[in-house]
Amino acid sequence: MEENILDCVIVGSGPAGYTAAIYAARADLKPELYTGLEPGGQLTTTTEVDNFPGYPDGVTGPEMMMDLQKQAERFDTKVYYELITKAEFSTDVGGVHKIWAGNKEILARSIIISTGATAKYLGLDDEKKYSGGGVSACATCDGFFYKGKDVIVVGAGDTAAEEATYLAKLTNKVTILVRKDYFRASKAMLHRVHNTPNIEVKFNHELIGIEGENSLVERAVVINNLTQEKSMIDVHGIFIAIGHKPNTDIFKGQITLDENGYIITQPDSTRTNLPGVFAAGDVQDHHYRQAITAAGSGCMAAMDAEKYLGELV
């Protein structure tokens, strides 16, 4: 009995995965897409998306992901609500790649990895309670909603400094909470922070709680970890900027990753170090991390996969 070898399998959903599916399906690659544990990815935790082209009145993250999924399925993409738990990639051009969803083995000539990256949080119960009600991990996604208001940024690296300076242009005041007595950010980013008048930095301060009515942030509970003195800061938004973790654990040892675990793709393409394996979206992009850039790279990955498969004939 001949094994069923697919032309294209997409691992992960979100804007990158679904866009890759749309393009792969229209190229008659008959793709299968495995959503993972969070169908739709990070955008499903975002209440309002106002910066994705084509939605003049805005859209919720879950609604937009459903739209993308329906579009992919319209072109006969098969979507499976399953998690890929293991991968064995071929190193040969034209080789067959193997992945598993539990005990289910899937064979494919090309794989598009779009597993995304997960924002790191502090681990407070209040972060979940106020998610979508003032707690965010993306200033460029949600900063617009806090125009003229006071916000907090938690973090000490380049991400925190960049988010704070971005938010300072929109908000009344930004308070940065730094757990230690120094920043880890680059000197260039620190220069921007120190030269922005409506940014206040509180060293040796940690966020320990959030308060508010109707699941909307109204106050941050912070502690000075030197004096143990607790205080309240009246704010409407709290941005956690302590980094992201790319979802690449099952690919380690096969796919070339950078020091932070992001997949390294070849210049001007979505190709990885392995023939027939491509990466799109936040799993290979630690710089932009936007829905629209993820979607664009999903398009690129499908076109790269189509070209790869065409050259095998």
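The values are calculated or read from the model by the stated rules, or taken from the named source; none is laboratory data. What you see is a predicted model, and the numbers here were worked out from it, not measured in a lab. Note that we place each Cβ from the backbone using ideal geometry, even for glycine, and neighbour counts take in every protein chain shown. When the accessible area is computed, the model is the full protein with side chains, heavy atoms only, and any ligands, DNA or RNA have been set aside. Shrake-Rupley method; radii C 1.70, N 1.55, O 1.52, S 1.80 Å.
Pairing each residue of region 16-31 that is free of Cβ contacts under 8 Å to residues at least 60 places away in the same chain with any residue that is in a loop (DSSP other than H, G, I, E, B) and surrounded by fewer than 24 Cβ atoms within 10 Å (Cβ to Cβ), provided the two are 6+ apart or on different chains, yields C-beta distances under 7 Å for A25/F75; A25/D76; R26/F75; K30/D76. Can you tell me which residue in region 244-283 is farthest from G14 (Cα to Cα), limited to those that are among the charged types (D, E, K, R) and open to solvent by 60 Å² or more (accessible area, probe 1.4 Å)? Residue satisfying both the conditions and the ranking: E259. Take the conditions (1) over 19 Å from the mean Cα position of the chain (by Cα); (2) touching a residue at least 40 places away in the same chain (Cβ under 8 Å); (3) under 23 Å from G281 (Cβ atoms); F145 misses just one of them, which is (3).
Residues checked against (1) β-branched (V, I, T); (2) surrounded by fewer than 15 Cβ atoms within 10 Å (Cβ to Cβ):
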{"position": "I10", "(1), (2)": "yes, no"}
{"position": "I22", "(1), (2)": "yes, no"}
{"position": "D28", "(1), (2)": "no, yes"}
{"position": "L33", "(1), (2)": "no, no"}
{"position": "G41", "(1), (2)": "no, no"}
{"position": "T44", "(1), (2)": "yes, no"}
{"position": "D57", "(1), (2)": "no, yes"}
{"position": "K86", "(1), (2)": "no, yes"}
{"position": "T91", "(1), (2)": "yes, yes"}
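Per the listing A25, A16, the residue uniquely under 19 Å from S297 (Cβ atoms) and over 17 Å from the mean Cα position of the chain (by Cα) is A25.
Total residues in region 107-134 satisfying the condition of being of a type in the set (V, I, T) and open to solvent by 10 Å² or more (accessible area, probe 1.4 Å): the figure is 2.
Restricting attention to strands (runs of 3 or more DSSP E) lying wholly within region 76-130, give those where 3 or more residues are touching a residue at least 24 places away in the same chain (Cβ under 8 Å) and hydrophobic (A, V, I, L, M, F, W, C).
Values: elements: 78-80, 86-88, 97-101, 104-113, 117-119.
Result: 104-113.
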